[in-house]
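Here it is: the structure, laid out below.
Values quoted throughout were computed directly from the atomic coordinates according to the rules given, and no laboratory measurement underlies them. Source: prediction; values computed, not measured. Every residue, glycine as well, gets a Cβ built from its backbone with ideal geometry; the counts of neighbours run over all protein chains shown.
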Amino acid sequence: ATLAGFFMTCTVAPWDMLRTKLMNQPTDAKLYNGFSDCLVKTVQEGGVLSLWRGFVPIWARFAPTATIQLITIEALYGICGFKAI
């Protein structure tokens, strides 16, 4: 499940970074003209790998969640009489 959290973070981190940048921009002087503009400017300023900045804290948030979800679904399958994964 920790591995699932790792791959989930790999796919979610870039979008989370862009969403955070868009939400944190000042309302009176916007830095970005939408999602794609934010993506282009971020990659131009910091390179493609800058999209995964903050990876470890995001992974620290997702890994336990993925583990709890897997344990919960396994328990529910057992309670309901279904075969576990």
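Through the Karplus equation 6.51 cos²θ - 1.76 cosθ + 1.60, θ set to phi - 60°, convert the phi angles of region 46-57 into ³J(HN,Hα) values in whole Hz; use x for Gly and Pro.
Taking θ as phi minus 60°, the curve returns x, x, 4, 5, 5, 5, 9, 5, x, 4, 4, x Hz for region 46-57.
Whole-Å semi-axes of region 41-85's equivalent ellipsoid, largest first, each the root of 5 times a Cα gyration tensor eigenvalue?
Semi-axes (√(5λ), whole Å): 38, 10, 6.
Next up: Please give me the summed charge of the neighbours of Thr42: other residues whose Cβ is under 13 Å from its Cβ, Lys and Arg +1, Asp and Glu -1.
Within the 13 Å Cβ shell, the charges total +1.
So, counting K/R as plus one and D/E as minus one, what does the shell of residues with Cβ under 13 Å around Leu51 add up to?
+2
In addition: Using all alpha carbons of the chain, what is the percent of pairwise distances in each 10 Å bin, ordered from the shortest bin to the longest?
Histogram of Cα-Cα distances, whole percents per bin: 17, 33, 24, 15, 9, 2.
Okay, moving on. Please tell me the relative contact order of the chain in percent, rounded to the nearest whole number, where contacts are Cα pairs under 8 Å and at least six residues apart.
That works out to 44 percent.
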